[in-house]
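J.: Before we start, here is the structure in question, set down as structure tokens.
The values are calculated or read from the model by the stated rules, or taken from the named source; none is laboratory data. It should be emphasised that the depicted structure is a prediction, and the values quoted were computed from it without experimental measurement. Note: ideal-geometry Cβ built from the backbone for every residue, glycine included; neighbour counts use all protein chains shown. We work out accessible area using only protein heavy atoms, side chains counted, and drop any ligands, DNA or RNA first. Shrake-Rupley method; radii C 1.70, N 1.55, O 1.52, S 1.80 Å.
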Amino acid sequence: VQLQACGGGLVQAGESLRLSCVASGRSFSSYSMAWFRQAPGKEREFVAAVTWRGGSTYADSVKGRFTISRDNAKNTVYLQMNSLKPDDTAVYYCAGQHIGPGNYDAPGAYTYWGQGTLVTVSS
């Protein structure tokens, strides 16, 4: 499985962006997918995940502002980001794991990673 993320860019605080991650290969519907982010000088952190069954979970820092969704017909997972803040500035990575790990917020639980897309939020 190869993952290709896109949709990053430069926005002002309060604006929105939608990230997309397209997966190659078959059986996308049986993969749990997640978004992580990494700011300069910081460790990679969990943002949101959607399981292969469709359930979703979020980091506290993005709850109520970000929404993760998937379109299995398009082999794509999305991250809708609203009310963006300067603290959201980071490289965003999509990740995937067949069926899905129990610890959805752990980077080490995912086998497949996209190349990252940069989101910059100015104040």
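J.: Being out of contact with any strand residue (DSSP E or B) (no Cβ under 8 Å at 6 or more places or on another chain) and at positive phi: is that true of residue 55 here? Walk me through it before giving the result.
T.: On the way: out of contact with any strand residue (DSSP E or B) (no Cβ under 8 Å at 6 or more places or on another chain): yes; at positive phi: no.
Answer is no for this residue.
J.: crowded, with 22+ Cβ neighbours inside 10 Å, touching a residue at least 12 places away in the same chain (Cβ under 8 Å) and closer than 23 Å to residue 25 by Cα, is that true of residue 109?
T.: no
Per-residue answers, yes or no, for (1) out of contact with any Lys or Arg (no Cβ under 9 Å at 6 or more places or on another chain); (2) open to solvent by 40 Å² or more (accessible area, probe 1.4 Å):
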residue: 68; (1), (2): yes, no
residue: 81; (1), (2): no, no
residue: 94; (1), (2): yes, no
residue: 113; (1), (2): yes, yes
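J.: Return the only residue of 18, 26, 53 being open to solvent by 50 Å² or more (accessible area, probe 1.4 Å), of a type in the set (Lys, Arg) and assigned to a strand (DSSP E or B).
T.: The conditions single out 18.
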